[in-house]
Amino acid sequence: MEINFTHHHLVDRFIRYTAIDTQSDPSSTTCPSTEKQKNLAKVLVEELKAMGISDAMMDEHGYVYATIPATSKKLVPVICFCSHMDTSPDCSGEHVKAVIHNNYQGGDIVLPGDNSIIIRANEHPALREQIGQDIITSDGTTLLGADNKAGVAAIMNAAEFLMQHPEIPHGAIRILFTPDEEIGRGVDKVDMKKLNADFAYTIDGETLGHIEDETFSADGVTVVIHGIPTHPGFAKGKMVNALKIASDFVAALPKHDRSPETTADREPFFHPVSISGNIEICSVGFIIRDFNTAGLAVLENELKEILHRVMEHYPGASFDFIVKEQYRNMKEILDQHPYVVDHAVEAIQRSGLKVHRGGIRGGTDGSRLSFMGLPCPNIFAGEHAFHSKYEWVSVRDMQKASETIVHLSMIWEEKSK
């Protein structure tokens, strides 16, 4: 079946969403972490209801739930399509001004709001596949928010298309938009009973045609160093400075491996992300990542051994080593349900695309949803260079993500009895 989306409708929708500041805040203890995320949630609910999706709603935590009613009499599994509404705290998402670069013909893209921000073609090889396409960026003063508003727009476009074409056979389709994915809390408050889905797909991937059925497994580690404070005027032979210990500890980390900046593909790492404290007590926060869940313990033991070597030079000091599980490799669950990925592969192919199957050096809401009983691989949304002012997305890629969603909805119905 040929599926045609209105080009300008998708672009207008996406730009409208990017203009709403939805940056999440890792220091906040509320859910959502920032109240402003609800501003987009409210817009989405209004638009879903305008499509005729009568049960669209936002709960008290900012989650959006909606159902596209079934058009088939078959007993079709309930499929959920999910994207997150928040943008990264790594770069400002306030007053985003989206810029459309029509009919990209190659070369560097200089952003008009800050000419020092240049998306260089040799640093963004995915641009080679975008000749003749329309590219959207920010003006260079903020991130764009394609991560993950490209996914939100793709789902909304597909939802509108399905509501306008009831002749297309499909089962009940659930829509879920989440807050706080960027700070690792995207499904903390999701109501699985309310969601009531059998399988799911996050639309939060990068390059056209990609499906990801594997993520890192992830832990967080907090190292708390306890020093011995004394008056600096009388400190000789007595003071043990926790700040200096923490500094030596971070400086002792491997320089050529075991870090994000020195690894790629399936290579694991431990990564210091925060340090705070004073002479008496100082904390260093780490994220630990490995595609092999058992490898997390290996990395954590390596980290502890480095810490022990440093602590030998500071008698009287002590430390706490606190490990917190964050998420696990979704492949452990998806391998038990291979048809979930197989259907997505077929949908991508029906959209006229070459399938690229792989893993994510990171995690998505799908990682945790999979372990909450909802197997959930990740499908491309076309977003690139996310969490930065260099972020960009292709209009065609967003359109193809929408098309893949529609085909996927149809395939689940076709495969059902």
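Annotations
- For the range 273-379, the strands (runs of 3 or more DSSP E) that sit wholly inside it and include 3 or more residues that are open to solvent by less than 30 Å² (accessible area, probe 1.4 Å), closer than 27 Å to VAL187 by Cβ and in contact (Cβ under 8 Å) with a residue 40 or more places away in the chain are 281-290.
- Against the list (1) in a loop (DSSP other than H, G, I, E, B); (2) more than 17 Å from GLY186 (Cα to Cα), the condition CYS31 fails is (2).
- Candidate set from the range 9-27 (those that are aliphatic (A, V, I, L, M) and out of contact with any strand residue (DSSP E or B) (no Cβ under 9 Å at 6 or more places or on another chain)); member that is least open to solvent (accessible area, probe 1.4 Å): LEU10
- Filter result (open to solvent by less than 10 Å² (accessible area, probe 1.4 Å), of a type outside the set (Val, Ile, Thr) and in a loop (DSSP other than H, G, I, E, B)) within the range 149-198: HIS170, GLY171, PRO179, ASP180, GLY186
- When residues of the range 380-402 are limited to those that are modelled with pLDDT of 95 or more and aromatic (Phe, Trp, Tyr), the one surrounded by the fewest Cβ atoms within 10 Å (Cβ to Cβ): TYR390
- The test for being under 22 Å from the mean Cα position of the chain (by Cα), touching a residue at least 40 places away in the same chain (Cβ under 8 Å) and farther than 30 Å from LEU195 by Cα holds for LEU143.
- Scanning the range 262-272 for residues that are within 19 Å of VAL310 (Cα to Cα) and either of a type in the set (Lys, Arg) or open to solvent by 30 Å² or more (accessible area, probe 1.4 Å) (or both) yields HIS271, PRO272.
- A Cβ distance below 9 Å, combined with a sequence gap of six or more or placement on separate chains, defines the contacts here; from the range 208-224, residues that are more than 30 Å from LYS244 (Cβ to Cβ) and open to solvent by 10 Å² or more (accessible area, probe 1.4 Å) reach residues that are assigned to a strand (DSSP E or B) and aromatic (Phe, Trp, Tyr) in the pairs LEU208/PHE380; HIS210/PHE380; GLU212/PHE380.
- Test for LEU44: is it loosely packed, with under 15 Cβ neighbours inside 10 Å, under 25 Å from PRO377 (Cβ atoms) and out of contact with any Asp or Glu (no Cβ under 9 Å at 6 or more places or on another chain): no
Residue-wise test of (1) closer than 30 Å to ILE135 by Cβ; (2) touching a residue at least 12 places away in the same chain (Cβ under 8 Å); (3) not charged (D, E, K, R).
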site	(1), (2), (3)
LEU10	yes, yes, yes
ARG13	yes, yes, no
ARG16	yes, yes, no
ASP25	yes, yes, no
GLN37	yes, yes, yes
VAL64	yes, yes, yes
THR67	no, yes, yes
THR71	no, yes, yes
VAL76	no, yes, yes
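- Cβ-Cβ under 8 Å pairs, at least 6 apart or on other chains, the range 249-261 side open to solvent by 50 Å² or more (accessible area, probe 1.4 Å), far side part of a loop (DSSP other than H, G, I, E, B) and of a type in the set (Asp, Glu): ASP257/GLU267
- Criterion violated by ILE53 - all others in (1) closer than 23 Å to PRO69 by Cα; (2) loosely packed, with under 15 Cβ neighbours inside 10 Å; (3) not basic (Lys, Arg) satisfied: (2)
- Test: PRO125 is surrounded by fewer than 16 Cβ atoms within 10 Å (Cβ to Cβ) and within 22 Å of the chain's Cα centre (by Cα): yes
- Matching residues in the range 39-55 - criterion: being over 22 Å from GLU94 (Cα atoms), of a type in the set (A, V, I, L, M, F, W, C) and touching a residue at least 24 places away in the same chain (Cβ under 8 Å): LEU48, MET51, ILE53
- If you go through the range 131-158 and keep only what is touching a Lys or Arg at 6+ places or on another chain (Cβ under 8 Å) and at negative phi, you end up with GLN133, ASP134, SER138, ASP139, THR141, THR142, LEU143, ALA153, MET156, ASN157.
The values are calculated or read from the model by the stated rules, or taken from the named source; none is laboratory data. Computed from a predicted model, the values in this text were never measured in an experiment. All Cβ positions, glycine included, derive from the backbone under ideal geometry; neighbour counts span all protein chains shown. All accessible areas refer to the heavy atoms of the entire protein, side chains included, with ligands and DNA or RNA removed. Shrake-Rupley method; radii C 1.70, N 1.55, O 1.52, S 1.80 Å.
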